[in-house]
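The values are calculated or read from the model by the stated rules, or taken from the named source; none is laboratory data. Because the structure is a prediction, the values reported are computed rather than measured. Here the Cβ positions follow ideal geometry from the backbone for every residue, glycine too, while neighbour counts run over all protein chains shown. All accessible areas refer to the heavy atoms of the entire protein, side chains included, with ligands and DNA or RNA removed. Shrake-Rupley method; radii C 1.70, N 1.55, O 1.52, S 1.80 Å.
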Amino acid sequence: MKLSRYHLPTLKEAPAEAEVISHKLMIRAGMIRKLASGIYSLLPLGVKVVRKVENIIREEMNRAHAMEVFLPSIQPAELWKESGRWDFYGKELLRITDRHGREFCYGPTHEEVITDIVRRDVRSYRDLPLNLYQIQTKFRDEIRPRFGVMRGREFSMKDAYSFDADDESANRSYIDMKKAYNAIFTRMGLNFRAVEADTGQIGGSFSHEFMVLANSGEDTIAHCDKCDYAANVERVELLPPKEISDGTPLPVEKVETPGKKAVEDVAEFLKLPASQFIKTLIFKTDTEQEFVAVLTRGDHEVNEIKLSRTIGANEIALASDEDVEKITNAPTGFAGPIGLPIPIVADNAVAGIKNGVTGANKKDTHIKNVNMARDFKNATLADIRNAIEGDACPRCDGGKLTMRKGIEVGHIFKLGTKYSESMNATFLNKEGKSRPMIMGCYGIGVGRSAAAAIEQNNDENGIVWPPAIAPFEVIVISLGKACDEVEKAADGIYKALQDSGLDTAFDDRNERPGMKFNDADLIGYPVQVIIGKRGLAEGVVEIKTRKTGEKKNVPMENTIVAVTGILEELIKAKKP
RNA sequence: CGGGGCGUAGCGCAGCCUGGUAGCGCGCCUGCUUUGGGAGCAGGAUGCCGGAGGUUCGAAUCCUCUCGCCCCGACCA
């Protein structure tokens with residue numbers, strides 16, 4: 001591709017709205033442009049990258065016996081009402097009404113549609129297993145889109161759905177997909193981990209997230225320093241503390257803590273560690289009780305997903321200040337478990353606190369020497385907090401958890417029969433009995449994968465693409481002018497590289513060298529072949545490796561071999 | 001949805017407090033020179049100052065409303 005004919009609007013400065021590096025670089029490199037909040041157009045260079053990602057995905061999905069389909073992006077409400085998600089999916093589901101007043105939604109995911117397709121035509125265990133996938137644009141009306149295509153509202157996703165006759169076969173399908181995902185992200189040149197995850201709104205029995213390790217990631221993953229356990233912090237099953245408080249509880253004592261509300265403030269004021277505190281939060285829920293008091297250790301955080309599951313709520317939120325005052329008879333910041341008129345759920349770790357400090361349900365007052373076993377026996381114990389650095393590994397003995405940030409690029413779920421039952425996707429088994437199919441679903445964020453690759457591969461000059469998903473594998477930079485000797489030589493090399501099967505760009509623009517070099521570094525072609533007057537006189541070209549910055553002169557006739565060699569090495573270096 | 005911030009040329013920003021000719025850098029166009037890391041000189045174009053209403057002789061500037069965007073939080077793949 002000749003850049004003189006390519007739409008490649010690079011920018012020296014990034015728009016102020018871009019926050020993370022991948023967003024800035026995708027805009028600057030001329031890959032994307034924003035249309036509205038969370039909605040982006042892909043420019044030619046962006047399309048090139050996305051196609052490469054998609055093709056890797058297609059090849060590995062096909063290899064795993066999945067078949068590509070293409071489902072509608074607009075879906076009728078009836079299907080969603082049938083699965084029960086029309087009411088449960090909430091405001092993220094973009095609902096549309098057509099001219100006749102019929103209700104539709106822009107698909108945020110396609111379980112309903114695919115289940116409908118399969119239930120129509122699949123009747124027998126002989127037709128199973130079946131795995132269908134598509135690459136489609138989805139829309140989820142995120143509360144707060146951010147970070148460019150990393151968390152857009154409209155985004156491209158590969159989603160696959162498996163249907164099996166029995167549990168064993170379903171597990172095999174799941175494992176096959178897990179393998180395919182490992183192959184996909186490895187080929188893309190990403191540094192990633194598969195971690196145990198929560199199933200969220202998709203539902204199902206177990207799941208793994210594929211996380212690209214990057215400090216800008218929005219998710220935190222915990223992994224064990226002794227075994228290979230890794231999980232999303234939200235998901236980590238925490239063990240109850242080994243020691244339950246028995247000791248000798250001291251008599252309860254009220255202390256004045258004027259104006260000290262946050263745990264850190266009170267801790268500093270009383271000169272006690274935060275772990276000695278019992279934090280009391282009041283949540284409003286959609287359960288019968290409406291309000292619930294939640295206790296965690298002062299240095300722990302409530303995990304709302306675990307909490308919802310524990311109390312059987314669909315929606316929970318922190319109670320308003322007014323509600324807190326009504327329930328505790330005190331301003332916020334002084335709530336405590338003793339004497340509360342609402343149900344209390346305590347995190348397992350709270351049982352291990354000896355002589356702890358809590359709010360007194362009275363303004364400017366806390367209580368010391370509180371012990372669960374004596375002072376608030378009515379509380380229910382459960383695992384309702386996020387893991388923190390140093391927590392014990394739930395899988396091995398003596399392992400400690402450490403934390404890393406990650407970007408979720410893929411998520412696989414074993415769904416079980418959630419959708420097949422609600423939507424009647426059944427088949428006849430060998431015995432002639434009707435059974436619901438066992439389903440799995442498997443997603444990959446296409447644009448997000450590209451963005452994650454940039455998060456992981458960039459430097460002060462721009463993007464450093466892994467070769468497999470670079471928009472072009474190599475760029476030929478001519479330092480000559482239109483039609484002069486240098487440009488003719490460059491053109492010859494460009495054609496030779498292209499004929500050899502390399503995806504090659506040719507910067508034949510009538511621009512100054514500095515401009516071309518900076519653009520090439522910004523866009524991040526893995527290899528640059530530079531042809532100038534000086535080198536031409538000696539019959540050599542300069543070859544620069546973007547990743548290392550290393551430059552070397554190579555006889556012109558060896559260009560292809562040299563470029564191929566560098567690309568191979570870059571790919572090899574990525575493999576663990 | 002709560003808190004904070006921003007809308008002025010394609011992009012980055014100043015001007016607003018204290019009302020009176022709309023500016024700077026980059027980019028863009030023309031010409032000449034230049035050509036191995038975002039060139040130099042000369043000339044040029046570009047603005048419903050997000051929108052509506054109000055105050056005023058006069059509004060980018062003050063007031064009200066509205067729309068859009070960004071950040072933090074809650075939420076989420």
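Could you give the angle, 0 to 90 degrees to the nearest 10, between helix A:446-456's Cα long axis and the longest principal axis of the Cα atoms of chain A?
Value to nearest ten degrees: 90.
Tell me the accessible surface of A:Leu428 in square angstrom (1.4 angstrom probe, heavy atoms of protein chains only), to the nearest ten.
Near enough 90 Å² of accessible area.
Relative to the compact globular guide of 2.2 N^0.38 Å, what is the alpha carbon radius of gyration of chain A, as a ratio?
1.17
Which one of A:Cys396, A:Ile56, A:His208 has its Cα pushed farthest toward the positive end of the charge dipole of chain A, where Lys and Arg give +1 and Asp and Glu give -1 at the Cβ?
Farthest towards the positive end: A:Ile56.
What dipole magnitude, in Debye to the nearest 20, does chain A give about its Cα centre under +1 on Lys/Arg Cβ and -1 on Asp/Glu Cβ?
Using Cβ point charges on Lys, Arg, Asp and Glu, chain A gives about 760 debye.
Kindly report the accessible area of chain A per residue (heavy atoms of protein chains, probe 1.4 Å, no ligands, DNA or RNA), in Å².
Solvent-accessible surface per residue comes out at 46 Å².
How far, in degrees from 0 to 90, does helix A:44-63 lean away from the longest principal axis of the Cα atoms of chain A, to the nearest 10?
It works out to around 70 degrees.
Below 26 Å, Cα to Cα, which lysines can A:Lys430 reach? Residues fewer than 8 away in the same chain don't count.
A:Lys414, A:Lys418
Scan segment A:61-119 for chymotrypsin sites (Phe, Trp or Tyr not before Pro) in coil per DSSP, keeping those whose Cβ has at most 13 other Cβ atoms within 10 Å, and list them by number.
A:Phe70
For segment A:418-462, report the translational diffusion coefficient in µm²/s to the nearest whole number, using Stokes-Einstein at 20 °C, 1.002 mPa s, and a Kirkwood Rh over Cα pairs.
150 µm²/s
Given the peptides A:506-516, A:302-312, A:462-472, arrange them by the average over their residues of other C-beta atoms within 10 Å, most packed first.
Going by the mean number of other Cβ atoms within 10 Å, highest first, we get A:462-472, A:302-312, A:506-516.
In segment A:472-574, what percentage of the DSSP-assigned beta bridges are antiparallel, given to the nearest 5?
So the antiparallel bridges in segment A:472-574 amount to around 50 percent.
Pairing the Cα long axis of helix A:111-121 with the longest principal axis of chain A, what angle in degrees results, from 0 to 90 and rounded to the nearest 10?
So the inclination is approximately 80 degrees.
At a 1.4 Å probe radius, carbon and sulfur cover how many percent of the accessible area of chain A?
49 percent
What would the Debye equation give as log₁₀ I(q)/I(0) for segment A:472-574 at q = 0.13, 0.15, 0.17, 0.24 Å⁻¹, counting only Cα atoms as equal point scatterers?
Listed by q, the Debye log ratios stand at -0.39, -0.53, -0.68, -1.43.
Pull out the extension gain between A:Lys400 and A:Asn429, defined as 0.36 nm times the separation in residues minus the alpha carbon to alpha carbon distance; nm, one decimal.
5.8 nm
Modelling each spin label as a point 7 Å along the Cα-to-Cβ direction, I'd like the A:Lys495/A:Asn558 distance in nm, to one decimal.
2.5 nm
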